[in-house]
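Student: The structure follows.
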Amino acid sequence: MRILVVVFALYSLVTVAQPQPRGNPKRMEQRILKLGTFGANPQGGVSRVAYSDADLAGRAYVMNLMKAAGLDVSVDAAGNIIGKRKGTDPSLPVIAFGSHIDSVPGGGNYDGDVGSLGAIECIELMNEHKITTRHPLEVIIFQNEEGGLIGSEALCGILPSASLDLVTHSGKTIRQGIADIGGNVAQLSTAAKPKGYYHAFLELHIEQGGILDQKEINIGVVEGIVGINQWRVTITGKANHAGTTPMDQRQDAMVAAAKLTVAVNKAATSVAGRQVATVGQMHPEPGAPNVIPGKVTMSIEIRDLSHEKILSVFDAIREQGAAIEKETGTTITYELTNENLPAPTDKRIQEMVSAAAKSLGFSSLVMPSGAGHDAQDMATLAPTGMIFVPSKNGVSHAPDEYTSPEDMANGVSVLLQTVLNIDKTKF
Ligand code: HGY
Ligand code: MN
Ligand code: MN
């Protein structure tokens with residue numbers, strides 16, 4: 001009898017003391033540098049814009065990693081890459097986690113990539129530690145996140161059909177792009193998942209701001225993701241000779257655009273809150289130094305955790321715009337080209353992420369996301385959580401975007417523990 005007690009005590013000591021699996025910093029670094037070669041820019045960083053050859057090459061690379069990790073890989077009708085791993089109970093809803101690998105033009109090597117490779121790393125750890133889950137798992141690499149969360153919108157059944165004809169940074173329309181990456185626009189609706197299909201969704205992502213880095217905190221527990229509205233603005237004046245047209249007889253679209261840009265900044269800074277507003281694109285026509293621009297197209301983007309705040313800032317801009325039209329003799333029109341609603345994350349998952357970080361010995365901070373993410377679409381389908389890791393000097397969407405191998409691996413360790421905790425939880 002005594003021997004039995006000793007054996008049992010030893011066994012329980014070993015199982016209880018099992019260290020939690022930890023992300024492999026070397027493997028994460030090796031893979032993110034390899035992924036960074038697809039669309040690499042000479043000045044550093046990447047331009048792996050959606051549907052480009054670099055995007056196709058990057059997708060092939062991550063699909064191979066997913067297959068090698070034993071996932072059953074497919075591309076849905078929207079062009080999202082989905083890697084499935086069986087659970088012990090196939091009747092249970094899916095736990096999904098993932099991110100994107102497309103980048104902005106002149107972007108960095110970590111935005112989206114950490115969460116995509118981190119999801120695959122999570123599966124590698126499960127394989128190495130012979131971990132099985134009750135729920136089936138899906139690793140999702142969403143397509144064209146940077147073009148307006150296109151892949152996750154399609155997967156959530158909320159992609160406006162008008163979006164399909166938007167021309168992307170690759171020069172292709174979204175419709176053409178989806179075809180080129182293996183989707184099938186004619187069957188787009190088959191990519192949409194019903195409520196109840198997912199048990200939960202998690203996204204690991206770089207913070208893209210400087211809070212964690214400055215405060216030297218390991219993990220961000222995202223409480224909510226900002227809404228993003230984007231408009232295409234067309235300003236029409238009158239092209240004329242730059243030399244012979246007196247200053248008081250001009251209808252200069254560029255002057256109107258300049259005044260509107262200042263008005264955008266003023267509308268965002270003149271009220272309290274975290275809202276942000278940006279003019280990122282401006283295109284004067286005909287674009288010759290000796291011709292007064294007769295037309296300017298430009299972008300306006302407004303973000304906030306409150307959709308109402310976004311609309312009120314836009315109203316203030318339009319009011320200013322009306323005065324600018326009168327002052328410059330131009331007309332200004334606004335076309336909404338993208339609207340992603342703000343999304344709070346699930347409180348229970350927030351607590352699980354904080355608990356996982358603590359159990360692994362990491363510091364953590366509950367914080368909002370100023371960047372948009374596929375998770376904000378997934379939050380319309382299932383309880384959703386986001387895990388942030390630090391961005392060096394808070395830089396993102398730029399060549400010197402950087403997150404250390406250790407920070408990437410920490411994020412993976414927290415992702416894995418949270419997935420395993422969700423697997424044991426009935427929401
Ligand atoms: O623009 C964003 O916020 C995200 O990086 N797509
Ligand atoms: Mn991103
Ligand atoms: Mn981005």
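The values are calculated or read from the model by the stated rules, or taken from the named source; none is laboratory data. Here the structure is a predicted model, which is why all the values come from computation and not from measurement. Every residue, glycine as well, gets a Cβ built from its backbone with ideal geometry; the counts of neighbours run over all protein chains shown. With ligands, DNA and RNA removed, areas are computed over all heavy atoms of the protein, side chains included. Shrake-Rupley method; radii C 1.70, N 1.55, O 1.52, S 1.80 Å.
Student: Based on DSSP H runs of at least 4 residues, each adding -39500 (n - 2.57), what is the mean residue ellipticity at 222 nm of the chain after dividing by all its residues, to the nearest 500 deg cm²/dmol?
Tutor: Per the formula, -11000 deg cm²/dmol.
Student: Considering the dipole of the stretch 227-340 built from charges on the beta carbon (Lys and Arg +1, Asp and Glu -1) around the Cα centre, which of Trp231, Ala316, Thr278 is farthest to its positive end?
Tutor: Thr278
Student: If we count every other residue with Cβ under 13 angstrom of Ala355's Cβ, Lys/Arg +1 and Asp/Glu -1, where does the sum land?
Tutor: Numbers: positive: Lys347, Arg348, Lys358, Lys424; negative: Glu351.
Once all neighbours under 13 Å are counted, the net charge is +3.
Student: Could I ask something else about it? Would you list which lysines come within 17 Å of Lys26, measuring only between C-alpha atoms, while excluding same-chain residues fewer than 8 positions from it?
Tutor: Lys34
Student: Also, quick follow-up: What's the center-to-center distance, using Cα atoms, between the stretch 46-94 and the stretch 254-274 in Å?
Tutor: 41
Student: I'd like the carbon and sulfur percentage of the solvent accessible area for the chain, probe radius 1.4 Å, heavy atoms only, ligands and nucleic acids excluded.
Tutor: Carbon and sulfur together cover 56 percent of it.
Student: Separate question: About its Cα centre, what dipole magnitude does the chain give when the only charges are +1 on Lys and Arg Cβ and -1 on Asp and Glu Cβ, stated in debye to the nearest 20?
Tutor: Here the chain has a charge dipole of around 920 debye.
Student: Quick one: which of 361-372, 76-87, 384-395, 273-284 comes out on top by average Cβ neighbours within 10 Å, and what's the full order, highest first?
Tutor: 384-395, 76-87, 361-372, 273-284
Student: Find, among the chymotrypsin sites (Phe, Trp or Tyr not before Pro) in the stretch 146-206, those assigned to loop by DSSP (not H, G, I, E, B) with at most 16 other beta-carbon atoms within 10 angstrom.
Tutor: Values: sites: Tyr197, Tyr198, Phe201; in loops: Tyr197.
Filter output for the stretch 146-206: Tyr197.
Student: Something else: Where only protein heavy atoms count, and the probe is 1.4 Å, what is the accessible area per residue for the chain in Å²? Show your work: numbers first, answer last.
Tutor: Numbers: 18630 Å² over 427 residues.
I get 44 Å² per residue for the chain.
Student: Residue-wise, which Karplus ³J(HN,Hα) couplings in Hz belong to the stretch 97-112, taking 6.51 cos²θ - 1.76 cosθ + 1.60, θ = phi - 60°, and x for glycine or proline?
Tutor: Each residue of the stretch 97-112 in turn: 7, x, 6, 9, 10, 6, 10, 7, x, x, x, x, 8, 10, 4, x Hz.
Student: Name the residue farthest towards the positive end of the dipole of the stretch 298-427 from the options Ser306, Tyr334, Ser404, assuming +1 on Cβ of Lys and Arg, -1 on Cβ of Asp and Glu, about the Cα centre.
Tutor: The residue sitting most towards the positive pole is Ser404.
Student: Right, here's the next one. Please list the three semi-axes, largest first and in whole Å, of the ellipsoid equivalent to the chain, using sqrt of 5 times the eigenvalues of its alpha carbon gyration tensor.
Tutor: Largest first, the chain gives 45, 22, 19 Å.
Student: Could you name the lysines whose alpha carbon sits less than 27 Å from that of Lys238, not counting residues in the same chain fewer than 8 places away?
Tutor: Lys259, Lys266, Lys295, Lys326
Student: Quick one: Karplus J couplings for the stretch 275-285, per residue in order, coefficients 6.51, -1.76, 1.60, θ = phi - 60°, nearest Hz, x for Gly and Pro?
Tutor: Coupling constants for the stretch 275-285: 4, 9, 9, 9, 9, x, 10, 8, 9, x, 10 Hz.
Student: Enter the angle in degrees (range 0 to 90, nearest 10) between the Cα long axis of helix 2-16 and the first principal axis of the Cα atoms of the chain, meaning the one along which they spread out most.
Tutor: Computed tilt is about 10 degrees.
Student: Follow-up. Count the DSSP beta bridges whose two residues both fall in the chain, then state the antiparallel fraction as a percent rounded to the nearest 5.
Tutor: 65
Student: In sequence order, what are the phi-derived ³J(HN,Hα) couplings for the stretch 232-243 according to the Karplus relation 6.51 cos²θ - 1.76 cosθ + 1.60 with θ = phi - 60°, rounded to whole Hz, with x for glycine and proline?
Tutor: Working through the residues one at a time gives 9, 10, 10, 10, 10, x, 9, 5, 7, 5, 6, x Hz.
Student: Ranking request for peptides 166-178, 94-106: highest mean number of other beta-carbon atoms within 10 Å first, then the rest in descending order. Each step should come with its number before you reach the end.
Tutor: Values: 166-178: 19.5, 94-106: 25.6.
Put in order of decreasing packing, that is 94-106, 166-178.
Student: Check Val389: other-chain or 5+ apart residues with amide H under 5 Å from its amide H, H built from backbone geometry?
Tutor: Here the answer is His205, Ile206, Glu207, Gly220, since their amide H atoms fall under 5 Å of that of Val389.
Student: Pairing the Cα long axis of helix 113-128 with the longest principal axis of the chain, what angle in degrees results, from 0 to 90 and rounded to the nearest 10?
Tutor: 10
Student: Taking the Cα centroid of the stretch 293-340 and of the stretch 201-232, what is the distance between the two, rounded to the nearest whole Å?
Tutor: 26
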